[in-house]
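See below for the structure under consideration.
The values are calculated or read from the model by the stated rules, or taken from the named source; none is laboratory data. Being a predicted model, the structure only gives us computed values, none of them experimental. Here the Cβ is made from the backbone with ideal geometry for all residues, glycine too, and neighbour counts use every protein chain on show.
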Amino acid sequence: MTQMLFAETLPSPIGAITLLTDEAGVLRVLEFEDHHDRMERLLRLHYPQGWQVEPAERESDAMRAMAAYFAGDMGAIDGLPTATGGTEFQREVWAALRDVGAGRTVAYGDIAAAIGRPSAMRAVGMANGSNPIAIVVPCHRIIGRSGMLTGYAGGLARKQWLLAHERAVLV
């Protein structure tokens, strides 16, 4: 069955962001516009039966929450409903990511331990890299064990900006 998705574009301090929600207003995709190819690849993985994207007719709760997040309300995105495809393991990782509070960082091993698979650090990294809902499922809050910033699909400059934004507001 083809998944119907509704597109909105959010201008942000780190570039335009595409949000895709379903008929119920549940956030399915949040991706930087300059990473359209990545978004298409993840859509193919998560919706193998197909999808159709149309412009949203009204502003979604996800759009309002993201605007509030960028305006400094870090809690605005916490309860935002999301849905993805992905494997059971990926969904476990993504759920654990949502437990990492704004302005905090954890290592891949911390997430692996949180889901009861302490030796699955690499698999956590792979799941993290396949996250289709950036920022809301906060993969930018995952760092290397040494404390160094590690890869981020949106680019390390964006990851650094997001962490600095969250820490500045929370201080």
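A few comments on the model shown:
- Put simply, of Arg141, Arg158 the only residue that is in contact (Cβ under 8 Å) with a residue 40 or more places away in the chain, charged (D, E, K, R) and out of contact with any Lys or Arg (no Cβ under 9 Å at 6 or more places or on another chain) is Arg158.
- Of all residues in the range 49-71, those that are farther than 22 Å from Met1 by Cβ and surrounded by fewer than 15 Cβ atoms within 10 Å (Cβ to Cβ) total 5.
- The range 1-48, residues that are surrounded by 13 or more Cβ atoms within 10 Å (Cβ to Cβ), free of Cβ contacts under 8 Å to residues at least 24 places away in the same chain and either under 17 Å from Tyr69 (Cα atoms) or among the aliphatic types (A, V, I, L, M) (or both): Thr18
- Residue in the range 53-67 that is part of a loop (DSSP other than H, G, I, E, B) and either touching a Cys at 6+ places or on another chain (Cβ under 9 Å) or among the basic types (Lys, Arg) (or both) present: yes
- Taking the criterion of being part of a loop (DSSP other than H, G, I, E, B) and surrounded by fewer than 22 Cβ atoms within 10 Å (Cβ to Cβ), the residues of the range 135-153 that qualify are Gly144, Arg145, Ser146, Gly147, Met148, Leu149, Thr150, Gly151, Tyr152, Ala153.
- Among (1) touching a Ser or Thr at 6+ places or on another chain (Cβ under 8 Å); (2) assigned by TED's automatic domain parsing to the domain that holds Gly144 - the single one Ile111 does not satisfy: (1)
- Only a single item in (1) out of contact with any His (no Cβ under 9 Å at 6 or more places or on another chain); (2) in contact (Cβ under 8 Å) with a residue 12 or more places away in the chain; (3) among the aliphatic types (A, V, I, L, M) is not met by Ala113, and it is number (2).
- Filtering Glu57, Glu31 for residues that are acidic (Asp, Glu), outside the structural domain of Pro138 (by TED's automatic domain parsing), touching a Pro at 6+ places or on another chain (Cβ under 8 Å) and at pLDDT 90 or above leaves a single hit, Glu31.
- Among (1) without any contact (Cβ under 8 Å) to a residue 24 or more places away in the chain; (2) part of a loop (DSSP other than H, G, I, E, B); (3) within 22 Å of Tyr152 (Cβ to Cβ); (4) among the basic types (Lys, Arg), the one test that Arg104 misses: (1)
- Test: residue in the range 25-36 that is part of a loop (DSSP other than H, G, I, E, B) and either over 22 Å from Asn128 (Cα atoms) or among the aromatic types (Phe, Trp, Tyr) (or both): yes
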